[in-house]
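Notes follow the structure.
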Amino acid sequence: MTKVAIHQPNYFPWLGYFFKIYLSDQFVFLDDVIFSKRSYVKRTLIKDEIGSLGKTYLSVPLEKVSSQSKINTISICQNSEWKQKHLNRLYYLYHHAKYFSKYFPIIQDSLWMMRSWRLVELNSSLVIKVAEILNLNTFFFFFSKLTYLKEHNNRNLQICMILDADAYIAGAGASNYEDPGLFEVNKVKYIISDFMAFIDQKKEKREISPQVNGYSIL
């Protein structure tokens, strides 16, 4: 069974994002869609202090963005101050963490050696790097590189059909804006990625922190 998951390319996304990748054989970065300034495409949520309930965002500064700008057209401001600020913040929060010395250099290299000022290329490269660290054997695609019909009434279903998917891994709230029955009619099994149920099981076994919902994988 070939399982496909689809999501916008977020900046250092939360664990649930990688759970979808884990469940899928093929993952599509939804990059040819309108950018939302309130999305997690340009920012990620981290703890304000370790052990506290406070939270803060690490945000990537962008060049001018219009209300109709698509994600794959957005450029990052061409200065390096934000990179150092993000790294300084992560160092301050996590330098006593058990695996800090192993993974922080990877984060440093990923930011300092970024090959493009396009936001989609930064975010997708970071997601793929984390997926490699987690040994997730998933193939990655970009929505903008797929041949699709723009007038199709269900974009995600069409992506699944283009990739010959047998199953679609949907987010927990996906059924609020798409019809699961339409997938089933087209012989694509509709599977909900219930990450919070998975988390609840792990919390009972004390294998994972109880405070992970929405926070960056960092």
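Every read-out reported here was derived from the displayed coordinates using simple, explicitly stated rules and does not represent laboratory data. It should be emphasised that the depicted structure is a prediction, and the values quoted were computed from it without experimental measurement. For neighbour counting, all protein chains shown are included, and Cβ atoms are generated from backbone atoms with ideal geometry for every residue, glycine included.
Things to note:
- For the chain, the square roots of the Cα gyration tensor eigenvalues, ordered a ≥ b ≥ c, give a/c of at least 1.5 with a/b no greater than b/c, which places it in the oblate category.
- Amide H within-cut-off set for Ala170, under 5 Å, with H built and near neighbours excluded: Ile191, Ile192, Ser193
- Most positive-pole-ward Cα, Ile217, Leu30, Pro9, against dipole of the chain from beta carbon charges: Ile217
- The lysine pair tally for the range 53-110, using Cα distances under 28 Å and a gap of 8 or more places or different chains, is 13.
- For the cross-link pairs Lys145/Lys189; Lys47/Lys145; Lys20/Lys47, the ones whose C-alpha atoms lie over 27 Å apart are Lys47/Lys145.
- Among Ser59, Ser193, the ranking by other beta carbons within 10 Å of each residue's beta carbon, starting with the fewest, stands as Ser59, Ser193.
- Computed over the range 1-123, the range of Cα coordinates on each principal axis works out to 41, 39, 30 Å, biggest value leading.
- Gaussian network model of the chain, Cα within-10 Å springs - most flexible of Asp164, Asp109, Asp194: Asp109
- Using bins of 5 Å that start at zero, the share of Cα-Cα pairs per bin across the range 133-188 amounts to 4, 16, 26, 23, 19, 8, 4, 1, in whole %.
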